[in-house]
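Step one of this worksheet: look at the structure below.
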């Protein structure tokens, strides 16, 4: 059972963020005729670090969905338990933040206004998905435990005080 969940997690990691932060940016860069190879500079090193940071954030969130929530990042295969550990103790949407960090790092690395515009579009889409679908779905599934979490942890920013779950069976 855990092996199947791990395989599903890996598959959806490749399909969803892999498409949003990998395949589509590659297609945008090819279509925009902007330089494909970044120059070697301090700025490109920092951009690479931002991109890798975003990848780390994304991987940590997928791990927490798998290990604590017993689910995946796919909306049709979500965690069974409310995940309020790891980076989720500081931000309600660190996975989206990680993907945005990857996109911004790529835009910076390739000095691409087209990728920057794409990152902005993705932020708007992420925000709409969160506000219109995810928050109401999580509230209906997890009730008061999600409402307490939502009151304590910001949607997009972060808090310096980590969320500590008081009671319940959520992860």
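Taken together, the values in this text are just the output of simple stated rules run on the coordinates, not laboratory data. Not measured: the values here are computed from a predicted model. Ideal geometry is used to build each Cβ from the backbone, glycine not excepted, and the neighbour counts take in all protein chains shown.
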Label points 7 Å out from Cα along the Cβ direction at residue 144 and residue 24: separation in nm?
3.9 nm
Please give the helix 94-109 orientation as an angle from the longest Cα principal axis of the chain, in degrees from 0 to 90, rounded to the nearest 10.
10 degrees
Using a basic spin-label model with each label point 7 Å from the Cα along Cα→Cβ, how many nm lie between residue 161 and residue 49?
3.1 nm
Would the range 58-113 count as rounded, prolate or oblate if I go by the C-alpha gyration tensor, calling it rounded below 1.5 in a/c and otherwise prolate when a/b exceeds b/c, oblate otherwise?
prolate
Calculated from DSSP H runs of 4 or more alone, at -39500 (n - 2.57) each and per residue, what is the 222 nm mean residue ellipticity of the chain, nearest 500?
-19000 deg cm²/dmol
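By the gyration tensor of its Cα atoms, with a ≥ b ≥ c the square roots of the eigenvalues, what is the shape of the range 1-73: rounded for a/c under 1.5, prolate for a/b over b/c, or oblate?
Judged from the Cα gyration tensor, the range 1-73 comes out oblate (a/c at least 1.5, b/c at or above a/b).
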Return the FRET efficiency for the residue pair residue 128, residue 1: r is the Cβ-Cβ distance, R0 is 25 Å, and the value is rounded to the nearest 0.05.
0.15
What is the extension gain from residue 63 to residue 111, computed as 0.36 nm multiplied by their sequence separation minus the C-alpha to C-alpha distance, in nm to one decimal?
14.2 nm
Gain on full stretching of the segment that runs from residue 121 to residue 31 - 0.36 nm per residue minus C-alpha separation:
30.7 nm
I'd like the distance separating the alpha-carbon centroids of the range 17-56 and the range 129-145, in whole Å.
32 Å
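Please state the shape class of the range 13-52: rounded when a/c is under 1.5, otherwise prolate if a/b exceeds b/c and oblate if not, all from the C-alpha gyration tensor.
The shape class here is oblate.
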